[in-house]
Structure formats: structure tokens, C-alpha cells
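Trainee: What follows is a single structure, and I will ask about it in a moment.
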Amino acid sequence: MTNNKRDGFGSRFGALVALAGAAIGLGNLWRFPYLVGNNGGGAFIIIYLAFVILLLLPVMYAEFVIGRRSQSNVLGAIKKLAPKSVFISIGILSIAVTLTILSFYSVVGGWTIEYIVQSFSSDLFKQDNGALGATFSNFISAPVRPAVMHLVFLGLTALIVAGGIKDGIEKYTKFLTPMLFVIIVILLVRSITLPGAEEGLRFLFYPDFSKLKASSFLDALGQGFFSLSLGMGCIITYASYVNKRENIRKMSLTTVVADTLFAVLAGIAIMPAVFAFGVSPTSGPSLVFITLPQIFAQLPFGQMFSLLFFIVLFVAAITSSISMLEIVVAYICEEFKLSRKAAVLYSSLFVAITGLLCSLSEGAFSNFRLFDKNIFDLFDYASNNIMLPLGGLLVVLFVGWKLKRKDVLDEMTSGGTIPMNRAIFGSVMIILKFIAPLAISIVMLNGIGLIKIF
Ligand code: TRP
């Protein structure tokens with residue numbers, strides 16, 4: 001393999017769909033709507049937007065600066081920009097957290113394939129509520145079938161990533177990401193035209209500040225990190241394939257807007273239907289694999305809507321999982337001088353095994369528990385609440401304190417070709433140096449219970 005001509009995105013649109021595809025994922029569909037509804041609706045949306053604009057957009061700038069300046073994988077990037085510094089930990093942490101998240105993400109990706117298949121057979125829709133719950137828990141706790149589906153999902157992810165950036169990731173996300181928006185709008189129209197839909201819209205948007213809890217702030221921050229794929233080298237890796245002439249501030253903003261817009265659309269597609277049928281809102285796997293099938297079972301043409309919904313879920317999951325695999329593949333290729341195909345093979349074999357452990361932890365291994373959580377939940381908790389904010393913290397400290405200010409400016413202005421307002425640049429630097437590290441630390445320590453502020 002030759003390292004002199006690095007692969008990269010072929011067009012601006014290609015880069016944008018890949019970035020938006022990485023950001024839009026299960027997080028938007030199964031967590032955002034529920035978090036919003038249960039933390040005061042519009043009140044939570046305001047906090048979320050404030051975090052996103054004031055904190056997470058600058059964190060995304062920071063990841064863009066690291067990635068595009070170094071044109072390297074996460075670990076290589078830090079080695080290039082600050083050889084032998086403690087910040088190498090960003091690279092190591094990124095690879096570790098990516099492998100952790102990808103393990104359970106791929107298992108859930110497998111579940112979405114199972115439910116696409118199930119949507120074709122009408123059996124699923126003949127069941128009542130209790131039976132749907134049992135069907136789901138029987139399926140995920142079985143030893144073989146969910147494991148096979150996980151391998152199918154991972155295999156598809158690996159095939160796309162093996163194609164490279166231009167001829168793999170870009171080629172597929174070019175139609176997959178736009179498809180997400182088309183289908184979610186179809187589902188949204190169906191949902192808000194159901195009798196009784198207003199109740200769901202009220203749940204989502206009516207700002208009830210009295211329902212804001214201390215944990216709402218950690219939830220908003222954690223959700224923002226996860227949803228925007230920050231804190232684990234994803235944006236660093238994708239940014240390293242972005243053309244030097246592109247405006248990275250615009251690209252960050254577009255990614256953030258696309259992701260947030262999709263989350264809100266998903267909320268409007270899901271919650272009104274949930275309330276119209278008088279079922280109680282849930283989140284995570286039980287929302288998408290139990291609650292929503294209950295609704296599809298009662299809806300005219302429910303089978304078709306079920307199919308569309310699980311396709312959205314699958315597509316959202318795979319455009320995210322390829323971004324995760326790419327982080328690891330870029331690292332193995334470049335740091336160990338292996339071919340892309342070999343890197344894809346090794347990394348997916350690894351995830352195949354760790355994913356199998358996650359899958360089995362829902363059934364055969366469910367007695368194995370640490371901190372009162374099975375492997376699946378432990379991976380989920382540790383990555384979301386600890387590793388991602390920690391990764392984000394290191395990234396902002398790195399760009400705020402370690403990189404030279406003029407280099408950061410140079411990258412943000414694409415070598416001085418795209419002017420940036422001095423006051424805005426100054427504010428971004430203040431956020432990266434002081435505000436973001438402080439805010440992330442407080443919210444993280446408070447969330448895991450080490451300090452008690454709110
Ligand atoms: N953002 C995706 C979601 O909302 C998940 C994801 C993809 C991710 N790549 C990531 C999360 C990198 C953290 C880091 O489901």
C-alpha cells in the first residue's frame with residue numbers, strides 16, 4: 001500500500017453526508033425524543049441547544065482542527081501535532097471507546113435487521129402488547145439468532161469501509177443519508193395526522209421548567225456528545241479526509257444542524273403516534289422494538305410503516321457504525337502500515353467477538369454483572385457518561401492549550417483564505433481554554449456522583 005496519496009472525500013456533498021450520517025444514529029431516534037419529553041419538553045430543548053451551540057460546536061471545531069491539520073488517524077494526528085505529549089491518550093482513549101461502542105451498536109444493528117425481516121411476516125402484528133415484549137426479549141436473549149444478525153450487520157459495515165473513503169463510505173452515504181430524511185418525513189406526516197397527536201407534540205415541545213432535574217444537564221451534555229459523535233475521534237478521523245480548501249466552520253455547523261434537525265423530526269415522527277394510541281412513552285430498545293410495534297399493529301398499513309421505520313433505524317445505525325469502524329481502520333492502516341483490507345479484517349474480527357459477548361450478555365451470560373450492570377449496559381454507561389466526555393475534555397484542552405493559537409486560526413480559516421471574525425475566534429478560544437473544560441468536568445463529575453453541585 002502507498003501512503004503518499006491518502007484517500008479523501010471527493011466532494012463537499014460527499015463529506016457532508018458522511019458526517020451527517022455519522023452523527024445521525026440510534027441516539028437521535030430512541031433517546032432524544034424520550035429525554036426531551038421527560039425533562040420538561042421545550043425546556044430541555046433550550047438547554048440542549050445552548051449546550052450544542054455554545055459548547056459542542058466549538059468542540060467540533062476543535063476536532064476538525066486536529067483532523068484536518070494532521071491529515072492523519074486519531075493517534076497519528078496527536079503524534080504529528082504534539083509528539084510525545086500526554087495527549088497521546090486522546091488517541092488511545094478514542095480507539096478504546098470506539099471499539100466499546102461499536103460492540104453494542106453492532107448488536108443493536110443486528111436487531112434492526114431482524115425487525116426488518118419480521119416486518120415482512122404479518123405474525124409480529126397479530127400479537128398483543130405483552131406478547132410483543134416477550135417476542136423481543138426471547139429474541140435478544142437467544143444464543144444464536146441475534147449473534148448471527150450482529151455478524152451480518154458488522155459484515156455489511158466492513159464491506160462498505162473496505163471500499164475506502166471515496167469509493168466506500170462516500171458512495172454509500174450519498175444515498176443513505178438523504179434517504180433517512182425522506183423516510184422520517186413520511187413517518188412524521190403519518191404520525192401528526194393521527195387523531196390525538198397534539199398530546200404527543202405537547203409532550204415534546206411544551207416547556208415545563210419544573211420538570212428539569214439536576215440530571216437533565218448531564219443528560220443534555222451526554223446526549224449532545226453521543227449524538228454529534230464527539231469525544232472519540234470520529235470527527236477527527238473524518239475531518240482528516242476533508243479537502244484543505246473547505247470551510248470547516250461551515251461544515252461543522254451543517255453537521256450540527258442536520259443532526260439536531262433529524263432528532264427533532266424523529267421526535268415528531270414518534271411521540272404523537274405513541275400518545276395517539278395511548279401507550280406510555282419509553283426510550284431505548286423498548287421504545288423501538290416493543291412500544292412502536294404495538295402501534296404498527298393497530299395502524300392501517302401498519303406493516304408498511306413498520307418496514308419504513310426499521311429501515312430508518314437500520315440506515316441510521318449503519319451510517320454511524322461505518323464511521324466508528326473507520327476510526328479503527330484508519331489507525332491500523334497508518335500506524336501498522338497494513339492494507340485497508342487487512343485492517344478491516346482485523347478490526348471487524350475483534351468487534352465480532354466483543355459484540356458476541358454483548359449479545360450473549362442479554363441471555364446466556366446475563367448473570368455476569370459488574371457494578372450491577374450486564375456487559376451490554378456497562379459498555380453503554382461507561383462510554384456515554386465517562387469515556388466520551390473525558391475524550392471531549394482532552395480534545396478541548398489540547399486545542400485550547402497545547403496547539404499554537406496561530407495554527408488553530410490558520411486551520412479554522414483554511415490557511416487564511418476564509419476570514420473569521422476576530423471576536424468570534426477569540427470567544428471560541430476562551431470556550432476551548434476555560435469554559436468547555438470546566439463545564440464538561442463539572443457535569444461529568446456531578447453525573448457520576450463524585451461531586452454534588454446540583
Ligand atoms: N452519533 C451516533 C448516534 O447518535 C453514534 C455515533 C457514531 C458515535 N459515531 C460515533 C458516538 C462516534 C460517539 C462517537 O447514534
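The values are calculated or read from the model by the stated rules, or taken from the named source; none is laboratory data. Remember, it's a predicted structure, so these values are computed and weren't measured experimentally. Every residue, glycine among them, receives a Cβ derived from its backbone with ideal geometry; neighbour counts consider all protein chains shown.
Trainee: Which of the residues that make up segment 75-117 are within 11 Å of the ligand (Cβ to nearest atom) and of a type in the set (Ser, Thr, Tyr)?
Mentor: 94, 98, 100, 105
Trainee: Mind listing whichever residues of segment 319-344 are of a type in the set (D, E, K, R) and closer than 14 Å to residue 160 by Cβ?
Mentor: 326, 340, 341
Trainee: Would you be able to tell me the number of residues in segment 129-167 that are free of Cβ contacts under 8 Å to residues at least 12 places away in the same chain and not polar (S, T, N, Q)?
Mentor: 7
Trainee: Looking for something modelled with pLDDT of 95 or more, of a type in the set (A, V, I, L, M, F, W, C) and outside any helix (DSSP H, G or I) - is there at least one such residue anywhere in segment 3-22?
Mentor: Yes, segment 3-22 contains a residue that is modelled with pLDDT of 95 or more, of a type in the set (A, V, I, L, M, F, W, C) and outside any helix (DSSP H, G or I).
Trainee: Further, regarding this structure: Please go through (1) at pLDDT 75 or above; (2) in contact with a Phe, Trp or Tyr (Cβ under 9 Å, 6 or more places away or on another chain); (3) exposed (fewer than 15 other Cβ atoms within 10 Å of the Cβ) for residue 353 and return the number of the only condition it doesn't satisfy.
Mentor: (2)
Let's see how each residue does on (1) crowded, with 20+ Cβ neighbours inside 10 Å; (2) at negative phi; (3) of a type in the set (Lys, Arg):
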{"position": "81", "(1), (2), (3)": "yes, yes, no"}
{"position": "84", "(1), (2), (3)": "no, no, yes"}
{"position": "91", "(1), (2), (3)": "yes, yes, no"}
{"position": "97", "(1), (2), (3)": "yes, yes, no"}
{"position": "103", "(1), (2), (3)": "yes, yes, no"}
{"position": "115", "(1), (2), (3)": "yes, yes, no"}
{"position": "119", "(1), (2), (3)": "yes, yes, no"}
{"position": "125", "(1), (2), (3)": "no, yes, no"}
{"position": "128", "(1), (2), (3)": "no, yes, no"}
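Trainee: Right, next: Return the pair list, or none, for Cβ contacts closer than 6 Å from residues in segment 232-246 that are on the phi > 0 side of the Ramachandran plot to residues that are within 9 Å of the ligand (Cβ to nearest atom) and modelled with pLDDT of 95 or more, at least 6 apart or on different chains.
Mentor: Final answer for the pair search is 233/327.
Trainee: Another question, if that's okay. Mind checking which residues of segment 82-117 are within 22 Å of residue 308 (Cβ to Cβ), free of Cβ contacts under 8 Å to residues at least 60 places away in the same chain and of a type outside the set (Val, Ile, Thr)?
Mentor: Passing the criteria: only 114.
Trainee: Let me ask another. So the check is Cβ under 6 Å with 6+ separation or different chains; which pairs have a first residue in segment 334-349 that's of a type in the set (Lys, Arg) and a second one that's surrounded by 15 or more Cβ atoms within 10 Å (Cβ to Cβ)?
Mentor: Listed pairs, sorted by first residue: 340/333; 341/162.
Trainee: Next question, about the same structure. Scan 175, 209, 181, 203 and give me the residue that is of a type in the set (Phe, Trp, Tyr) and over 26 Å from the mean Cα position of the chain (by Cα).
Mentor: Of 175, 209, 181, 203, the one residue that is of a type in the set (Phe, Trp, Tyr) and over 26 Å from the mean Cα position of the chain (by Cα) is 209.
Trainee: Given the conditions (1) in a helix (DSSP H, G or I); (2) in contact (Cβ under 8 Å) with a residue 24 or more places away in the chain; (3) within 20 Å of residue 201 (Cβ to Cβ), report the number of the one that residue 291 does not fulfil.
Mentor: Condition (2) is where residue 291 drops out.
Trainee: Which one of the conditions (1) over 22 Å from residue 168 (Cβ atoms); (2) touching a residue at least 24 places away in the same chain (Cβ under 8 Å); (3) among the aromatic types (Phe, Trp, Tyr) does residue 314 fail to meet, given that it meets all the rest?
Mentor: (1)
Trainee: Here's another thing I want to ask about it. Only one of (1) modelled with pLDDT of 95 or more; (2) touching a helix residue (DSSP H, G or I) at 6+ places or on another chain (Cβ under 6 Å); (3) not acidic (Asp, Glu) fails for residue 71. Which number is that?
Mentor: Exception for residue 71: condition (2).
Trainee: Same structure, new question: List the helices (runs of 4 or more DSSP H) inside segment 187-261, counting only whole elements, that have at least 1 residues being aromatic (Phe, Trp, Tyr) and more than 15 Å from the ligand (Cβ to nearest atom).
Mentor: Hits in segment 187-261: 197-205, 214-227.
Trainee: Determine which single condition residue 226 fails, assuming it passes every other condition in (1) under 21 Å from residue 282 (Cα atoms); (2) surrounded by fewer than 19 Cβ atoms within 10 Å (Cβ to Cβ).
Mentor: Status for residue 226: all satisfied but (2).
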